[in-house]
Amino acid sequence: MAGTILKIKEMYRSFNSTEKKIADYILENSEDILHITIKDLAENCGVSQAAVVRFCKQLQFNGFKDFKIDIASDVLNSNRDNEEEGKYTDIKPGDDLKSIIENVCINNKKSIDDTLSVLDYNEVKRAVDAVHKAKRIDFYGVGASWIVALDGMQKFMRIGKYSCAYSDAHLQVTAASTLQKGDVVFALSYSGETKDIIDAVKVAKESGALIVAVTKYGINMLSEISDINLFLSSPEVTMRSGAMASRIAQLNVIDIIFSGVASIEYKSIKKYLDRSRKATKLKRYK
């Protein structure tokens, strides 16, 4: 499974006081977790053993043993990353161009790696199956997420899927009101708290559409009201370069869903790919 330390960090703000005690101890002593018992952990955190079990289950583990093994894997991967200097870095005023190039590339690569750690295979499969069966696909996003919405529309349009992308809040809710059962909405919001997206999703659900959220890992308004959650992980940095990395992570997830659907439907969509390739060829000089 792996990625548990990352998930704890992403979910930290949503934890209650007891869960934060456990999380704090694990984050500060992750290298020691494999060698202690559940009783030891509970005593060190000042909580009950039952609270530790609930904490593990909240992170989708059957018990403390599986949880420990995953933490050990995270520690090993973290040590390897540190050796390779694979960590998020912020853009600082006065940075030379070489540093900026390296930092942006590191952040983008790391966001994809971290998203891989939190992306749930079963949720991805459900999304692929839903899009495969859908008659209509809508993409809703604002800001940087709007760029991802356009990319999603363009990809699925090329294989003959009826798809639309909307950034305007009024168009989003209008489109959402005309959806039907079996249609799919991709709701794109890294924070999961964007009001325009939440409003459109609520209308889409009332219309009977299935909602696929592409949002950051953990509990947020969008993930709580969506049918399928495709979670992302991306850095939080002071100069908002996180908006770059989160956009890359969103694009990567849309690419995964598109590739999954295209693989299933390849025989039937090949004609569309050939036609679109031929049509766009007219727009090139060579």
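Just so it is clear, none of the values below were taken in a lab; they were calculated from the coordinates. Being a predicted model, the structure only gives us computed values, none of them experimental. Heads up, the Cβs are rebuilt from the backbone with ideal geometry, glycines too, and the neighbour counts pull from every protein chain shown.
Numbers for the structure displayed
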quantity: For the stretch 192-233: Kirkwood Rh in Å [reciprocal of mean 1/r, alpha carbons]; calculated: 10.2
quantity: Full-extension gain in nm, Asp66 to Gln154, via 0.36 nm per residue minus C-alpha separation; calculated: 27.5 nm
quantity: Relative packing of peptides 111-124, 261-274, 221-234 - highest average C-beta neighbours within 10 Å first; calculated: 221-234, 111-124, 261-274
quantity: Which of Arg126, Arg247, Arg277 has the fewest Cβ neighbours within 10 Å, and the rest in rising order; calculated: Arg277, Arg126, Arg247
quantity: Given charges at Cβ of Lys, Arg, Asp, Glu: the chain dipole, positive-most of Ile219, Ala279, Leu188; calculated: Ala279
quantity: Placed amide H near Gly182: partners under 5 Å, 5+ positions off or other chain; calculated: Leu210
quantity: Globularity ratio of the stretch 121-280, using Cα Rg and 2.2 N^0.38 Å; calculated: 0.99
quantity: Convex hull projection area averaged over all views, the stretch 68-213, Cα basis, nm²; calculated: 11.8
quantity: The stretch 1-70, Cα convex hull volume normalised per residue, Å³; calculated: 77
quantity: Violating pairs (Cα-Cα greater than 31 angstrom) within the set Lys20/Lys133; Lys135/Lys283; Lys68/Lys92; calculated: Lys20/Lys133; Lys68/Lys92
quantity: Per-selection metrics, the chain (Cα): Rg and Dmax in Å; calculated: 21.2, 71
quantity: Dipole moment magnitude, nearest 20 debye, the stretch 4-84 about Cα centre, only Lys, Arg, Asp, Glu C-beta charged; calculated: 480
quantity: Helical mean residue ellipticity (222 nm; -39500 (n - 2.57) per DSSP H run of 4+; nearest 500) of the chain; calculated: -19500 deg cm²/dmol
quantity: Hz values of 3J(HN,Hα) by residue in the stretch 209-220 - Karplus curve (6.51, -1.76, 1.60), Gly and Pro given as x; calculated: 6, 8, 9, 10, 8, 10, 8, 5, 5, x, 8, 8
quantity: Sorted peptide list for 135-147, 40-52, criterion being average Cβ within 10 angstrom, highest first; calculated: 135-147, 40-52
quantity: Kyte-Doolittle mean at least -0.5, axial Cα span of 15 Å or more - DSSP H helices of the chain; calculated: 97-118, 144-158, 195-206, 242-264
quantity: Total formal charge among the other residues, if their Cβ is under 9 angstrom from that of Ala165, Lys/Arg +1 and Asp/Glu -1; calculated: -2
